[in-house]
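Here's the structure we're looking at; comments come further down.
The values are calculated or read from the model by the stated rules, or taken from the named source; none is laboratory data. Quick caveat, the model's predicted, so the values are computed rather than measured. Quick reminder, even Gly has a Cβ in these numbers, built from the backbone with ideal geometry, and neighbours come from all protein chains shown.
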Amino acid sequence: MAPRENFGSRFAVIMAMAGSAVGLGNIWRFPYMVGEHGGAAFVILYMLSSFILVLPIFFAETIIGRRSRQGTFGAMEKLAPGTPWKWLGLFTVVSPIIILSYYSVVGGWSVEYLFKAACLDFTNAEPSEIQGFFGQFISSTGGPIAVHTIFMLLVAGIVLAGVKKGIEGFTKVTMPILFILIIALAVYSMTLPGASEGITYLLKPDFSEVDAHAVAAAMGQAFFSLSLGVGTILTYASYMRKEENILASGVGTAVSDLLFAVIAGFAVMPAVFAAGIEPGAGAGLVFDTLPFIFNKMGMGAPWLSAIIAIIFFVTILVAALTSAISMMEVGVAYLTEEKGMRRGSAVLAITVFAWCVGVLCSLSFGPLADVKLLGNSIFDFLDKLCSNWLLPAGGLLFTLFVGWKMSRADVFDEFTNGGTLKANVALFNVVWFLLRFVAPVGIVVVFLTNLFL
Ligand code: PFF
């Protein structure tokens with residue numbers, strides 16, 4: 001077998017992990033979750049979940065991945081051979097592929113918006129026209145499937161190019177650009193007339209809107225946004241060099257992801273209020289809002305708003321791609337390392353499967369809108385199933401594995417690089433306590449309240 005590839009530098013590791021974390025979850029999902037679950041109170045719950053419940057899972061996954069230097073399935077076989085833990089490995093191969101299928105549908109929407117922007121279709125359109133377009137487009141049949149296909153092919157192409165050339169080369173360049181752009185957009189959005197209501201909405205918590213569903217949704221959003229509980233970070237960590245710092249990578253990724261989501265919130269929410277859009281409008285929120293901001297930014301010159309829009313949709317697309325490739329890589333690592341498949345065949349198998357499921361998700365906004373699974377459309381069902389249940393469940397099992405199955409000495413060794421990293425040694429007991437008690441108990445409590453309340 002070819003030797004395992006490694007990420008080339010610390011910057012590359014952080015960028016690849018941040019690339020997986022920062023994506024449509026921040027730009028598309030976070031603002032509409034905030035809108036559906038009551039604004040600032042949700043933001044606070046999301047931040048608490050990110051640091052108390054979800055960051056420990058990041059450490060758990062990186063410890064497992066780097067120690068075993070295997071994908072999820074192989075990692076369990078290596079660290080706990082012949083035990084039922086291998087099922088956790090298998091479980092976490094399946095969930096990112098499910099996410100990939102519906103994620104690609106939304107990725108396709110951004111491809112469509114890029115085309116539209118390039119054709120000047122949004123210039124000078126009223127907010128109601130822009131909203132009308134979104135509803136019409138996603139409920140049609142051929143268009144959304146075509147752009148979903150384009151998105152899937154882009155993902156497959158990058159993953160096919162391999163870890164170093166494909167994933168590392170791509171994320172290192174694009175992530176910093178994206179960060180700068182979203183800050184610029186937020187600054188502009190906050191100066192729009194009528195924006196102050198949106199700013200207040202993000203800053204002034206109203207806990208009366210918070211219920212068990214909102215708490216579960218906040219935890220789900222934190223898992224989704226940090227790509228945890230599905231073995232993605234585990235798989236990336238298996239390509240990390242021994243001298244990398246797990247604590248620094250974790251905190252670096254979590255902070256950049258959180259900042260990104262919050263800044264995206266400040267880019268979207270003020271404009272939502274300025275355009276008179278309902279914050280609880282759901283999955284279309286960001287697509288309804290961005291063209292409105294770009295029109296304003298163009299100051300009446302259609303070519304200017306089109307250029308701004310194109311730059312933005314390209315970067316959103318890139319953010320979506322860097323996340324989607326991480327979902328596919330988990331399955332590819334499994335099929336190549338455990339099943340002996342060639343990289344090309346593994347990519348093909350996953351692409352075909354995820355594409356088919358994605359088609360069903362796409363159709364669930366139109367011809368299949370009446371098909372309901374536990375009261376949800378196919379798309380919403382898979383999204384809720386993954387974010388609110390599968391990801392936290394995977395995360396719970398990863399932390400139980402590290403906290404209760406691995407030996408304390410091994411975990412210490414991996415977390416502190418053999419005792420050489422002073423800050424990690426000093427913080428080890430806190431992390432160990434979070435891993436063993438706080439994260440698992442917290443996740444179970446959220447599960448139970450969501451189930452019974
Ligand atoms: N974290 C990604 C985002 O915020 O868009 C979504 C994601 C990527 C979820 C990878 C799960 C995953 F395995």
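Considered as a group, the residues in the stretch 323-343 that are buried (at least 24 other Cβ atoms within 10 Å of the Cβ) and hydroxyl-bearing (Ser, Thr, Tyr) include one that is nearest to VAL147 (Cα to Cα), and that residue is SER323.
When the helices (runs of 4 or more DSSP H) confined to the stretch 22-114 are screened for residues that are within 14 Å of the ligand (Cβ to nearest atom), those reaching at least 2 such residues are found at 30-36, 55-68. Checked against the criteria, LEU321 counts as under 25 Å from LEU154 (Cα atoms) and within 15 Å of the ligand (Cβ to nearest atom). For the stretch 44-92, a residue qualifies if it is under 19 Å from the mean Cα position of the chain (by Cα) and surrounded by fewer than 22 Cβ atoms within 10 Å (Cβ to Cβ), and the qualifying residues are ILE44, MET47, LEU48, PHE51, ILE52, PHE91. Selection of the stretch 408-443 for residues being at pLDDT 95 or above, in a helix (DSSP H, G or I) and more than 24 Å from ALA80 (Cα to Cα) yields LYS422, ALA423, ASN424, VAL425, ALA426, LEU427, VAL430. A Cβ distance below 7 Å, combined with a sequence gap of six or more or placement on separate chains, defines the contacts here; from the stretch 231-260, residues that are within 15 Å of the ligand (Cβ to nearest atom) reach residues that are of a type in the set (Lys, Arg) and modelled with pLDDT of 90 or more in the pairs ALA237/ARG66; SER238/ARG66; SER238/ARG69. Just so you know, in the stretch 188-197 the residues that are of a type outside the set (S, T, N, Q) and either modelled with pLDDT of 95 or more or part of a loop (DSSP other than H, G, I, E, B) (or both) include one that is nearest to ILE44 (Cα to Cα), and it is GLU197. Name the single residue that is farthest from PHE452 (Cα to Cα) among those in the stretch 208-253 being of a type in the set (Phe, Trp, Tyr) and modelled with pLDDT under 90. By that ranking, first place goes to TYR239. The lone criterion from (1) more than 13 Å from the ligand (Cβ to nearest atom); (2) under 22 Å from PHE313 (Cβ atoms); (3) crowded, with 16+ Cβ neighbours inside 10 Å left unmet by PRO176 is number (3). For the stretch 272-326, the tally of residues that are in a helix (DSSP H, G or I) and closer than 28 Å to ALA16 by Cα stands at 24. Within the bounds of the stretch 98-110, is there any residue that is in contact (Cβ under 8 Å) with a residue 24 or more places away in the chain, under 18 Å from the mean Cα position of the chain (by Cα) and surrounded by fewer than 24 Cβ atoms within 10 Å (Cβ to Cβ)? There is at least one residue in the stretch 98-110 that is in contact (Cβ under 8 Å) with a residue 24 or more places away in the chain, under 18 Å from the mean Cα position of the chain (by Cα) and surrounded by fewer than 24 Cβ atoms within 10 Å (Cβ to Cβ).
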